Amino acid sequence: MNRNTQRLNRYLSLAASVSRRVADEMVRNGRVTVGGVPVLDPGTLWDPSTQEVRLDGRTLVPVQEEKIYIMLYKPDNVVTTMKDREGRKTAPSLIGELSSRVFPVGRLDFHTTGLLLLTNDGEFAYRLTHPRFGVEKTYIAKLQSVPRPAELNVLRRGVAIEGKMTTPAQINFIEKKAGKAWVMMRIAEGRYHQVRKMFEAIGHRVTKLRRVAIGPLELSGVEPGEWRYLTSKEVREMNDYMDRRAVEVAGQKPPADVPRPPKRFETPADRGKRKVIKQSINEAARKKEIEKEKAAAAAKAGERKGPRQPKPSWKRGAKHPGKKSPPKAPRKFGKR
């Protein structure tokens, strides 16, 4: 995309001082020409340096909108959309009213803090977010456990996430304390929850995540919830960096898809073997269940019967001291 190109409806909105919706209707109604040719698509790209836009036959005077570039330190519990249906606080609401409407470049998760850029420069935002420019983002992650060097090497080589390999990441171990670890990661991709998923792939959960840099631009001069304008030097350095990265990424191979194992077809012999194994497992489980039932029944019977208690003295016919029992009569044997 040429840096000088603009969307026709956006240009009309600024030049004719109308809303974007009204500008779309102007184009669709055939009232607008670009370079003398009628255009019916409001999203048409055109080059102000070589083409002329007319509305109802009248030339529109080009309007130079002031470009705004903002660094925001996004705090926790803030979404990076312009509006939120759930009523949560949004990143643009932290900026307030400006001379021109700005929008977030890319996204940070709801619980991810750190550097977020906002601008009204669509070309700048496009270059920052499109994969072919490979803009690197740097994060500091707090992990619930301490990863081993071999596990971090897996991330340095690339790890499979949802069937696709990640590009190699730059990893620096910062410190460990009380069973937790702080690790710095730099990646040139922007998949959904990518940093968290990469650490989960090696068995470690991210409890805190902060973005501290985008390319050469580092988070500085602001506290959580605060913002500042980028300097002209910072904007120039970012554009130069993106030009270099576009050349570097063009010479790299894209990450390979993770091959899936071929589907194995089950033969009749396999089905028979699987059936025998399943029966054996069921029989063993049933046998174990029977043994449990017998043991429970025995325990219950023992509790009901209880231990044998000695007979009370009154039932045994206790002998009184000093008193002799009468002698038993001799037993006679023989016929009656």
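Candidates are the residues of the stretch 179-214 that are in a loop (DSSP other than H, G, I, E, B) and over 16 Å from residue 167 (Cα atoms); the one that is least open to solvent (accessible area, probe 1.4 Å) is 204.
In summary, residue 242 fulfils each of the numbered conditions (1) open to solvent by 100 Å² or more (accessible area, probe 1.4 Å); (2) touching a Lys or Arg at 6+ places or on another chain (Cβ under 7 Å); (3) at pLDDT 85 or above with the single exception of condition (1). Within the stretch 127-146, the set of residues being open to solvent by 10 Å² or more (accessible area, probe 1.4 Å), within 14 Å of residue 215 (Cβ to Cβ) and at pLDDT 95 or above comprises 136, 137, 139. Close contacts from the stretch 129-150, counting a first residue that is under 15 Å from residue 182 (Cβ atoms) and a second that is part of a strand (DSSP E or B) and among the small types (Gly, Ala, Ser), with Cβ to Cβ under 6 Å and a gap of 6+ residues or different chains, come to 138/213; 143/181; 146/181. In the stretch 167-177, the count of residues that are assigned to a loop (DSSP other than H, G, I, E, B), aliphatic (A, V, I, L, M) and either open to solvent by 20 Å² or more (accessible area, probe 1.4 Å) or over 15 Å from residue 213 (Cβ atoms) (or both) is zero. Against the test of being in contact with a Phe, Trp or Tyr (Cβ under 9 Å, 6 or more places away or on another chain) and at negative phi, the options 169, 125 yield a single qualifying residue, 125. Within the option set 303, 291, 234, being open to solvent by 90 Å² or more (accessible area, probe 1.4 Å), modelled with pLDDT of 75 or more and among the charged types (D, E, K, R) holds for one residue only, 291. Of everything listed in (1) part of a loop (DSSP other than H, G, I, E, B); (2) surrounded by fewer than 16 Cβ atoms within 10 Å (Cβ to Cβ), the single unmet condition for residue 25 is (1). Selection of the stretch 10-34 for residues being over 40 Å from the mean Cα position of the chain (by Cα) and modelled with pLDDT under 85 yields 15, 16, 17. Checking the stated criteria, residue 158 turns out not to satisfy the condition of being small (Gly, Ala, Ser) and either within 20 Å of residue 109 (Cβ to Cβ) or touching an Asp or Glu at 6+ places or on another chain (Cβ under 7 Å) (or both).
Selection of first residues in the stretch 244-260 that are outside any helix (DSSP H, G or I) and of second residues that are modelled with pLDDT under 90 and exposed (fewer than 12 other Cβ atoms within 10 Å of the Cβ), restricted to Cβ pairs under 8 Å at least 6 apart or on distinct chains, gives the following pairs, ordered by first then second residue: 257/163; 258/163; 260/163.
The values are calculated or read from the model by the stated rules, or taken from the named source; none is laboratory data. Computed from a predicted structure; not experimentally measured. Using ideal geometry, Cβ is built from the backbone for each residue, glycine included, and neighbour counts are taken over all protein chains shown. Accessible surface areas use protein heavy atoms only, side chains included; no ligands, DNA or RNA. Shrake-Rupley method; radii C 1.70, N 1.55, O 1.52, S 1.80 Å.
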